[in-house]
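Okay, so here's the structure we're looking at.
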Amino acid sequence: MRSTLDLTQPAAAGSRGRAFRPAFRDAETGCVYYSRFADGRSAAVHVLDGLPDEVVLARTPGGRVKALKGSVVAGYVCEGSFYTREEAMREREAVIEALLSTAG
């Protein structure tokens, strides 16, 4: 059985600083936006309500995101690079495999 990895935390002390922060990228413009709550605080998970109006097509009367541009992709930022969710998982698994191979 495969476990779910927490991409927001470094895999081990040896990978300090390799935390993956939830983010969104507009594939049309290349702009990357860290995940934030509507009030601007950083979010540890993907939260749509903090995205700027440039990528939001519609909001509810209460301000919640109702629709996004089709070019917006959820992913993570690590060390200045954007990774899709799939790329981040592959990168994370490679780091863990490397740590395990040196441990034994």
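The values are calculated or read from the model by the stated rules, or taken from the named source; none is laboratory data. Just so you know, these numbers come straight off a predicted model, no measurement behind them. All Cβ positions, glycine included, derive from the backbone under ideal geometry; neighbour counts span all protein chains shown.
Quick one: would you say E87 is at pLDDT below 90, touching a strand residue (DSSP E or B) at 6+ places or on another chain (Cβ under 8 Å), surrounded by 10 or more Cβ atoms within 10 Å (Cβ to Cβ) and not aromatic (F, W, Y)? Steps first, please.
Working: at pLDDT below 90: no; touching a strand residue (DSSP E or B) at 6+ places or on another chain (Cβ under 8 Å): yes; surrounded by 10 or more Cβ atoms within 10 Å (Cβ to Cβ): yes; not aromatic (F, W, Y): yes.
Considered against the rule, which asks whether it is at pLDDT below 90, touching a strand residue (DSSP E or B) at 6+ places or on another chain (Cβ under 8 Å), surrounded by 10 or more Cβ atoms within 10 Å (Cβ to Cβ) and not aromatic (F, W, Y), E87 comes out as no.
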Please enumerate the residues belonging to segment 56-73 that are of a type in the set (V, I, T) and within 16 Å of T84 (Cβ to Cβ). V72, V73
Pairs please, first residue from segment 33-53 and under 13 Å from V77 (Cβ atoms) and polar (S, T, N, Q), second anywhere and at pLDDT 95 or above and loosely packed, with under 13 Cβ neighbours inside 10 Å, Cβ atoms under 7 Å, 6+ apart in sequence or on different chains. S35/V45
Selection from segment 30-79 of residues that are of a type outside the set (S, T, N, Q), in a loop (DSSP other than H, G, I, E, B) and crowded, with 16+ Cβ neighbours inside 10 Å: A38, A43, V47, L48, D49, G50, L51, V55
Which members of segment 19-29 meet the condition of being assigned to a loop (DSSP other than H, G, I, E, B) and surrounded by 16 or more Cβ atoms within 10 Å (Cβ to Cβ)? A19, F20
Cβ contacts < 7 Å: first residue hydrophobic (A, V, I, L, M, F, W, C), restricted to segment 93-104; second residue at pLDDT below 85, any location; separation 6+ or different chain. Result? V95/A11; V95/S15; V95/R18; I96/A11; L99/A11; L99/A12; L99/G14
